[in-house]
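One structure is given here, and the rest of the page talks about it.
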Amino acid sequence: MIELETRELEYFIAVADELHFGRAAVRLSIAQPALSKAIRRIETRLGVQLFIRSSRHVALTPAGKALQEHGRHALNAVSVAVREARRAGDVQAHLRLVLKPGGDAGLLSGILAEYARLPDARRVDILFSGPADRTDFLRDGRADVGLLYIPFDDLDGLAHETLHAEDRVVIVPSGHRLAGRTSVLMSDLQGETLPRGKGIPEGDGTGPEVADVTQMLQMIAVSRMIGVLPRSLVQAVPAGLVCLPVTDAPPSRLVLAWNEQDRRPVVASFVAAALNARRGGNSGLRG
């Protein structure tokens, strides 16, 4: 038996967030007396006190804090369920693909061309993410599929297929001690300054924080750090920088990912097209 309706939970969350019945009523566009009555009805039904009230102060009880935390998750789950039901029933909805700028290893045009050949192909909207939030796009439903890099992106809760595996390279200033080498080992990089930044490859170093590869290259150019990247992210190295293969670095993989709970045919069709493009038009790739 469901003891709270979604509307009642929304009322409670509004008061819990605002800790003020007047502001919560304005937020909900209802009269304050009606809101107060609804909260008392919820407390009676649950058999617990959710708020401590005084003439000047409203505070959550331990029971209220628990309901606030879990109730918010419940409302989010209901919103996702409604959105996914509508998307599943909308045969005209576009497919949304998220990636970071330049983060397709040159594969995107081939994948889109292969997908367009399918009789059930939909229009594909390309979404560009920040340096580290592609997985968020997939988990919260803003995107249907995404191009991600392993091991740099967290794939928890996501299904994926590998499209491309590639070596990693180190980028150093032209005057750096390693610049004259033809290749390096990971051990050669010990003691070097690496960037900091969520979602930035090797972004757990002690150097300046950077938001993306472009910022990283700028900082390398002024000798503030070096950077280790998948080769495809630095196909054209700016003047004044040197790109060297790191022969013993684990390879990075470009993967096509989607929410593991998303079993819609439109997603399956796009995944199949991407794999066909990899096999048919990119025989030199390792997957």
Residues of region 261-287 that turn out to be at pLDDT 90 or above and farther than 24 Å from Gly157 by Cα, as a count: 2
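To keep it simple, each residue is scored yes or no on (1) closer than 28 Å to Ala274 by Cβ; (2) at pLDDT below 90.
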position: Ala165; (1), (2): yes, no
position: Pro173; (1), (2): no, no
position: Gly191; (1), (2): no, no
position: Gly199; (1), (2): yes, yes
position: Glu202; (1), (2): yes, yes
position: Gly207; (1), (2): no, yes
position: Asp212; (1), (2): yes, yes
position: Gln215; (1), (2): no, yes
position: Leu229; (1), (2): yes, yes
Qualifying residue in region 252-260 (condition: farther than 21 Å from Leu158 by Cβ and in a loop (DSSP other than H, G, I, E, B)): no
Flag for Leu127 being in a strand (DSSP E or B), under 21 Å from the mean Cα position of the chain (by Cα), at pLDDT 90 or above and within 21 Å of Arg279 (Cβ to Cβ): no
Test: Ala179 is within 30 Å of Ser223 (Cα to Cα) and either in contact with a Pro (Cβ under 8 Å, 6 or more places away or on another chain) or crowded, with 19+ Cβ neighbours inside 10 Å (or both): yes
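I'd like the full set of residues that are outside any loop (DSSP other than H, G, I, E, B) and touching a residue at least 12 places away in the same chain (Cβ under 8 Å), limited to region 44-64.
Step one: filter region 44-64 for residues outside any loop (DSSP other than H, G, I, E, B), giving 44-46, 51-53, 58-60, 62-64.
Correct list: Arg45, Leu46, Phe51, Val58, Ala59, Leu60, Ala63, Gly64.
What do you reckon, is Arg134 on the phi < 0 side of the Ramachandran plot, basic (Lys, Arg) and buried (at least 20 other Cβ atoms within 10 Å of the Cβ)? Walk me through it before giving the result.
Working: on the phi < 0 side of the Ramachandran plot: yes; basic (Lys, Arg): yes; buried (at least 20 other Cβ atoms within 10 Å of the Cβ): yes.
Considered against the rule, which asks whether it is on the phi < 0 side of the Ramachandran plot, basic (Lys, Arg) and buried (at least 20 other Cβ atoms within 10 Å of the Cβ), Arg134 comes out as yes.
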Filter result (hydroxyl-bearing (Ser, Thr, Tyr) and closer than 20 Å to Asn259 by Cβ) within region 102-143: Tyr115, Ser129, Thr135
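The values are calculated or read from the model by the stated rules, or taken from the named source; none is laboratory data. Remember, predicted model here, so these are calculated numbers, not experimental data. Cβ coordinates were reconstructed from backbone atoms using ideal geometry, including for glycine residues, and neighbour counts include every protein chain displayed.
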